[in-house]
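Data first, discussion second: the structure below is written as structure tokens.
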Amino acid sequence: MSNEVAGEKRAGINWRRVLPRLGAILFAVAVTVGIFLLNDRLTALRGYGLIGLFFISLLGNATLILPAPSLAAVFAFGASLPPIEVGLVAGAGMAVGELTGYLAGFGGAAVIENRRRYEQVKAYMAKYGLLTIFVLSLIPNPLMDLAGIAAGALKMPVWHFELACFAGKTVKCIAFAYLGAGVVAILPPFFSRLL
């Protein structure tokens, strides 16, 4: 055993493990606070088309604890852009945004309000893994942050987490984009009948 490793073991702190985890936690908290503080400016991204949608989706899903829904943007974009493209772009942005929860869990010091609910999600993660991430990504719900934290805490490979998250979020976003497109197709005839 080298002197450096032996010194770390005597000190009781393995800085090679602590620093990346601390960095992950600080990054997740910084993104959450930044999104909360810049919420008004985020709406300006809509003028940038699919690129704007990607960033709205990313930032809307990068929050921990503070809600920032981005499905409304997917619905609106679906009314004016091809729904499949909207769903793919938004799904990718949302999946990348969910990394903040994963990193907070990986860092090992995520702030969890409902510990009982977290333990339930973590038990599902340990038992069903990727299926849990896919299902929770597919259904609009507040448990996805807990699933991301649990995936990080359980050291699920990040690319597994991202792939399952992307698949679920993309299916959901395509559905919402088609809903947006459908509403636009239905409303003009409806209003013309009323007039």
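Derivation of every value follows stated rules applied to the coordinates shown; laboratory data play no part. Because the structure is a prediction, the values reported are computed rather than measured. Because the Cβ atoms are built from the backbone with ideal geometry, glycine has one as well, and the counts that use them run over all protein chains shown.
The conditions are (1) under 21 Å from L58 (Cβ atoms); (2) in contact (Cβ under 8 Å) with a residue 12 or more places away in the chain, and A153 fails exactly one of them. Which is it?
It fails just one condition, (1).
Show me the helices (runs of 4 or more DSSP H) entirely contained within segment 95-146 in which 1 or more residues are surrounded by fewer than 17 Cβ atoms within 10 Å (Cβ to Cβ) and among the aromatic types (F, W, Y).
115-128
Within the bounds of segment 89-99, is there any residue that is farther than 19 Å from L59 by Cβ and out of contact with any strand residue (DSSP E or B) (no Cβ under 8 Å at 6 or more places or on another chain)?
no
Could you grab me the full set of residues in segment 76-88 that are touching a residue at least 40 places away in the same chain (Cβ under 8 Å) and assigned to a helix (DSSP H, G or I)?
Listed by number, the residues that qualify are A76, F77, G78, P83, I84, V86, G87, L88.
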